[in-house]
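Structure first, commentary second.
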Amino acid sequence: MMNLQKKKLYTLLALVALFVILFICNMLLSPYHMRIINLVGINIALVVSLNLTNGFCGVFSLGHAGFMAVGAYVAAILSLPLVKKAIILPELPKWLGSVELSFLPSLIIGGLVAAICALIIGYPVLRLRGHYLAVATLGFLVVIQVVITQLQDFTRGARGINGLTQYTNTWWVWIFTCITIYVVWRIINSAYGRGMMAIREDDLAAEAMGVNLTKYRLLAFCVGAFFAGIGGALWAHLITVVTPLSFSYDRTFSLVVMSVIGGMSSITGGVVGASLMTLVPELLRNLEVGITVGGISIPPLYGISQIVLSVVLIIVIIVRPKGIVGSREFSWNLFKKKKWNTMNQMEN
Amino acid sequence: MKKLLVLLFSLVLGIALTGCGGSQEKEQPKQAGESGGDVIKIGAIYNVTGAQASLDGPSLNGFKLAAKEINAAGGVNGKKIEVVSIDGKTDQTSSTNAASKLVDVEKVSAIAGFSDSNYALAAGPIAQTAGVPFITSGATLPSMPEQVGDFFFMAAFGDDAQAYAAADYAVDALQAKKAYVLKDTAMDFTMNLAAFFEERFKSKNGDSAILLEDTFKTGDQDFSAQITRLKALKEKPDVLFISSGPSDCGPIVKQLRDAGVNIPVVSGDGFDTPLLIELGGKGAEVDTYFATHTCLNSDGEKVKKFVDDYKAEYNKEPENAFAALGYDTMHLIADAIKRADSADPKAIREALLQTNNFAAVTGSITYADGKRVPKKSVSILKVQDGKFSLIKEVTP
Amino acid sequence: MDSTYLLQQIVNGIGLGSIYALVAIGFSITYSILRLINFAHGDILMIGSYCALFIFLSGKVPLVVGLLLAMGFAALIGMLVERIAYRPLRTASEESMLITSIALSILIENLGILTVSAQPRKFVFPEVFAKNHELAGVTFNNMTILTVGVAVLLMILLTFFVKNTRLGTAMRACSENIGVARLMGIDINIVVAIAFAIGSALAAVAGIMLGGQYGRIDPLMGFIPGLKAFVAAVIGGIGSIPGAVLGGYLLGLFEILLVGFLPIEYTGYRDAFVFILLILVLLLRPNGILGSAEGRKV
Amino acid sequence: MLELNNVNLYYGRIQALKNVSLSVREGELVALLGANGAGKTSTLRAISCMHPIKEGSIHFSGTDLTKVPAHRLVDLGIAHCPEGRQVFGRLSVKENLELGAFRRKDKEEVKRDLEWIYSTFPRLVERRSQSAGTLSGGEQQMLAIGRALMSRPKLVLFDEPSLGLAPLIVEQIFDVIKKIKEQGRTVLLVEQNAFQALGIADRAYVLETGTIKLEGTPEQLLSNEEVKRAYLGG
């Protein structure tokens, strides 16, 4: 075992290293590569926050994209420059039409509104179990989408809001990602976290032991939604367009896939899953380039990357049903143990 | 733990391999057109998978066909065109990544793509920031070029143009005084189209000229509720404006006619699909008109050549007007490169802006007064004897 | 609104409900045995309709034969999917199976785009089916009669199979307690394969009827009906066949009546209402209308 | 007849059985005793292939049971009457019994056996078309036993048949088990209710935290101080 001080130091060093690397990347790599790195960051934050509810608390939610949508739209409306707002959203009520916030408050308000939505939807729904809960949260996603499509005055309906300022950059993304990981880590290592995991293991027993089921689930759900909201807002200000289609089933499913592939009840799993599932499809694109070999040209097979990806996904799940990382967690002891092992071997 | 490490390692290895494989392939064609090589790279982002695939697939086919023809004729300014096409996957994240890759990694001279503004508006700004012209072949939201910036062009006319043409036709040719509007609320295209139609129709016939505006959603199958409401109207409309996408127009027309509603139907290019005739059946033969880009049945020389070439290349008829739009977009870009005598994106943009009376399959294209929405003729078509036939071509 | 209008909407609702019910049954039986939410179920529907397109709309075989062939093919695909993707996951968590089904759905849809292209295909039944009838002011065509007729017939057959045959009893036993069912000597693999076969065959019928009513099919056609049928199964009580049927018809009627009777400004909210209904049903009757409480093993 | 050798069984990382060895000879009634969580049910699950074992061997009349899929067990002549009865609540009594004979092809004989079960448990006759979930606990236990017997097993595994039943019913259940043994069937009885089990058993094993602690005849065990203290409340 390593002492706490040392671990803290290592963590700090790793953080510094991360940001130094990001800084160097930012100078050397093309905007395309930085875009992918930023997407990795956003997805890590989204998946880690999803793991808080789905993995650690055992509340299998399919509504994460719904909270992203809420955060994204709220932040977009708040941060939109007044001039643009007057043109794009002329029907906004005065109090909203005359407000232009800077990025940070927009993000936070976006996250808070998403969390409030989670509170409202979660209070009745979180009493459900298992698949029923999954379906109910999926229902919430549909309701959010319909409302966004219909509330023309606020959201421009299906046309979406475009021309957002591209505030999101490497620093916003990765600082947010680190904060998300830290907060989720603190929660699962607190008394609350232990209560949550008790619920996951056996909700009946946990309830019998006096764990207030709904309260714990609601907390996890709201915190998850808060970060989803901010993540959605960051995404929106990276892509610069939000439409109801931006946050559809596909988005929710891809987040859930990342979470399960990495390992649902592990922060490390979330990081691994999100990174892999963001990078791999981008790399698989190279498969879709047509090849000319010895005069015979093979036309590009569009959709092949999705096909390869889904086959790999099925295989991974069959081979490692608990995800790549499982429920293990990264720890500095990992390195120490390894060193210790090799030393042992040498002695032998 | 060991198993885990092995798995992770093999995954990383696999990724690295596919990554390398990809980059190796790409090294074969020589680097970027602007640096004086003998190819000019043109990017294409189309949603060839996912919900948009039925529109974007034909567009890409048309686009590639045109590139092939240009190369067969010796290329542009002695250089071959190389189309680098990436699938947008009907997903905004994927589409923006694709645009970014084309601009930053492939260093293309221009990008074409999309038939829907949702994606064009996401990918466009990236090209704009990088100073690479982006020409959307099929998206028709007229405000896009203004919203995105001076490197954004449209190859198709705006929704306003086609809706105005449809409204004018209803008022002038069909003598309509009162209209009924049915629109799909799930698409920005249909919402805009209906809004522009109503604006024009009201300006000609007064504010009370729209008797009822009813709605449905893409994929609805049963329109009996809407039809019942239409029939219950006290004052009968003279024209029905149906703002729908390609998948819904057939069933709507069919159900309208089956229910005994024989009032003329007018619409936009959403109706420009074989599905209108196949599914609308006899219903579509009854006074069904729509405004669109071109009539692929017409005897025009350019249209005929395009249809024949497309058939020869892909063994099928062009699926819809988007195929022609993709084809035109490639030729439009090639024309600009020729005039600019350069593969430099900024020079191409300048040349594009000067496009005047460029003869395309879908009508002649002119970017007048610095506007990047083309002044283009609109064709009014009618269903007749199981075919589309051209009623007239109007130039707004 | 007059009663003819209401009646007309009810007839329309029953037509749509029949399709939902057929798909919902498949959801329900696979769920009841494996606790699997099979998101790929809707894509089996798509496969069935394409199969029909290639077989009987070519006009070479009689309709009934074509229908049976399409059902058989879909059943085969269903069993294949189960064998390859789901069987290795028998002991895995519900989430793993859910993700697998999502991956399968992506796989099938993209394979579809690759093989039959994304272009929608015309899917029109012979002229006779478009013939309209009018009864007491309500119009409906032969297609609707066929849809409802086939759906009801299949549901009766299925009920008979489940209630009165050895395999049917085994299936019910498995849906209650798979472990003990094995102790009785029931081969779970066979039962699960049959469940998938039945579900897939019914989905194929639904796909064909859907194509026939709408006139077109495309590789992505299965997702929305799949999702809706899943909602129907949950409303009715997932795991119960009568529940799936009831849920299907209720959902079909509810959707059509919402569009028919809501003020125009609110018809756009239809899907929101559908899912709010779902959430309400879940809250008031957490196991659906006809579902019985799931035994929880402590 | 049944032979377990050094069986180790894990649930995830938790070891439930450590080197369990036991044997049941033909015609014997062997009781397996132990407290809650001692591994009794795990032993039965291992025998009936419901959970794979990590090490060791299980043989039944020469057949290696670890290689047999669970549903073939009845073919070999093993019936498992599971803990907590686990009748199919939504199926009728008759259907439950018929499922017991699921793999049997001799229809006439099955009918005869059905009549025999009805005559052994007259209370099931009047409820034959009722769904099993509506039966009382005792009736469900009888149904579960009847269901197990419908496969004409050579060896019957009982898992806590007395659990949660009224003393009078327990008495009846044990009478039935005794009768089954007297018909020449072999019985492995898992029980917490050690006193009653020892009353009818030929031999018994005592399990404690996954290992066999004691083995012997009822007389030997009843006189063992440790057993008395731990299981007989003495």
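The values are calculated or read from the model by the stated rules, or taken from the named source; none is laboratory data. Only a predicted model underlies this, so the values are computations on that prediction, with no experimental measurement involved. Using ideal geometry, Cβ is built from the backbone for each residue, glycine included, and neighbour counts are taken over all protein chains shown. Remember, those area values only see protein heavy atoms, side chains included, never the ligands or the DNA or RNA. Shrake-Rupley method; radii C 1.70, N 1.55, O 1.52, S 1.80 Å.
Quick notes
- Residue in segment B:182-205 that is of a type in the set (Phe, Trp, Tyr), away from chain A (no Cβ under 13 Å), in a loop (DSSP other than H, G, I, E, B) and open to solvent by less than 20 Å² (accessible area, probe 1.4 Å) present: no
- Residue match in segment C:92-99 (condition: assigned to a helix (DSSP H, G or I), away from chain A (no Cβ under 14 Å) and either among the β-branched types (Val, Ile, Thr) or open to solvent by 50 Å² or more (accessible area, probe 1.4 Å) (or both)): no
- Condition broken by B:THR49, with the remaining ones in (1) farther than 23 Å from B:ASP344 by Cα; (2) open to solvent by 20 Å² or more (accessible area, probe 1.4 Å); (3) outside any helix (DSSP H, G or I) satisfied: (2)
- Evaluation of C:ILE106 against (1) within 21 Å of C:GLY226 (Cβ to Cβ); (2) free of Cβ contacts under 8 Å to residues at least 40 places away in the same chain; (3) more than 12 Å from chain B (Cβ to nearest Cβ); (4) open to solvent by 50 Å² or more (accessible area, probe 1.4 Å) (one fails), failing number: (3)
- Selected residue (criterion: surrounded by the most Cβ atoms within 10 Å (Cβ to Cβ)) from residues of segment D:96-118 that are more than 23 Å from D:MET50 (Cα to Cα) and acidic (Asp, Glu): D:ASP113
- Test: residue in segment B:274-293 that is farther than 25 Å from C:VAL124 by Cβ, more than 12 Å from chain C (Cβ to nearest Cβ) and β-branched (Val, Ile, Thr): no
- Comparison of C:LEU80, C:LEU34, C:LEU63, C:LEU89 shows that the only residue that is open to solvent by less than 10 Å² (accessible area, probe 1.4 Å) and either under 19 Å from C:ILE217 (Cα atoms) or within 14 Å of chain A (Cβ to nearest Cβ) (or both) is C:LEU89.
- The set of residues in segment A:306-319 being at the interface with chain C (Cβ under 9 Å from one of its Cβ atoms) and surrounded by 18 or more Cβ atoms within 10 Å (Cβ to Cβ) consists of A:GLN306, A:ILE307, A:LEU309, A:SER310, A:LEU313, A:ILE314, A:ILE317.
- Against the numbered list (1) within 25 Å of the chain's Cα centre (by Cα); (2) over 30 Å from A:LEU219 (Cβ atoms); (3) within 14 Å of chain B (Cβ to nearest Cβ); (4) open to solvent by 10 Å² or more (accessible area, probe 1.4 Å), A:PHE23 comes up short only at (3).
- A:VAL289 vs. criteria touching a Pro at 6+ places or on another chain (Cβ under 7 Å), over 19 Å from C:LEU98 (Cα atoms) and either modelled with pLDDT of 90 or more or among the hydrophobic types (A, V, I, L, M, F, W, C) (or both): yes
Yes/no per residue for (1) without any contact (Cβ under 8 Å) to a residue 12 or more places away in the chain; (2) under 19 Å from C:ILE33 (Cβ atoms); (3) open to solvent by less than 50 Å² (accessible area, probe 1.4 Å):
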| residue | (1), (2), (3) |
| --- | --- |
| C:ILE208 | no, no, yes |
| C:ILE224 | no, no, no |
| C:VAL231 | no, no, yes |
| C:VAL245 | no, yes, yes |
| C:LEU253 | no, no, yes |
| C:ILE256 | no, no, yes |
| C:GLY260 | no, no, yes |
| C:ARG270 | no, no, yes |
| C:GLY291 | no, yes, yes |
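- If you filter segment B:213-222 down to residues that are open to solvent by 30 Å² or more (accessible area, probe 1.4 Å) and within 8 Å of another protein chain (Cβ to nearest Cβ), you find that the one that is nearest to B:GLN162 (Cα to Cα) is B:GLU213.
- Checking B:LYS89 against (1) over 30 Å from B:ASP272 (Cβ atoms); (2) open to solvent by 30 Å² or more (accessible area, probe 1.4 Å); (3) touching a Ser or Thr at 6+ places or on another chain (Cβ under 8 Å), the condition it does not meet: (1)
- Taken together, the residues in segment B:282-319 that are under 19 Å from B:LYS376 (Cβ atoms) and open to solvent by less than 50 Å² (accessible area, probe 1.4 Å) amount to 13.
- Residue count, segment D:121-152 (criterion: among the hydroxyl-bearing types (Ser, Thr, Tyr) and open to solvent by 70 Å² or more (accessible area, probe 1.4 Å)): 2
- Breaking point among (1) in contact with a helix residue (DSSP H, G or I) (Cβ under 6 Å, 6 or more places away or on another chain); (2) surrounded by fewer than 18 Cβ atoms within 10 Å (Cβ to Cβ); (3) under 19 Å from C:GLY42 (Cα atoms); (4) not hydroxyl-bearing (Ser, Thr, Tyr), for C:LEU283: (3)
- Helices (runs of 4 or more DSSP H) contained in segment A:58-162 and holding at least 3 residues farther than 30 Å from A:LEU204 by Cα and away from chain C (no Cβ under 14 Å): A:64-79, A:82-88, A:94-97, A:103-125
- So A:ALA274, is it in a helix (DSSP H, G or I) and touching a strand residue (DSSP E or B) at 6+ places or on another chain (Cβ under 7 Å): no
- Hey, B:SER100 out of contact with any strand residue (DSSP E or B) (no Cβ under 9 Å at 6 or more places or on another chain) and at the interface with another protein chain (Cβ under 8 Å from one of its Cβ atoms) or not: yes
- Residue list for segment B:229-273, filter: within 9 Å of chain C (Cβ to nearest Cβ) and closer than 18 Å to C:GLY260 by Cα: B:ARG229, B:ALA232, B:PRO251, B:ALA259
- Some residue of segment B:242-250 being closer than 20 Å to B:PHE388 by Cα and more than 18 Å from the chain's Cα centre (by Cα): yes
- The set of residues in segment A:26-42 that are open to solvent by less than 30 Å² (accessible area, probe 1.4 Å) and either farther than 23 Å from A:MET277 by Cα or aromatic (Phe, Trp, Tyr) (or both) contains only A:TYR32.
- Total residues in segment D:153-203, condition of a type in the set (D, E, K, R) and surrounded by 18 or more Cβ atoms within 10 Å (Cβ to Cβ): 7
- Spans of helices (runs of 4 or more DSSP H) in segment A:168-262 with at least 3 residues within 18 Å of A:MET277 (Cβ to Cβ) and open to solvent by 10 Å² or more (accessible area, probe 1.4 Å): A:249-262
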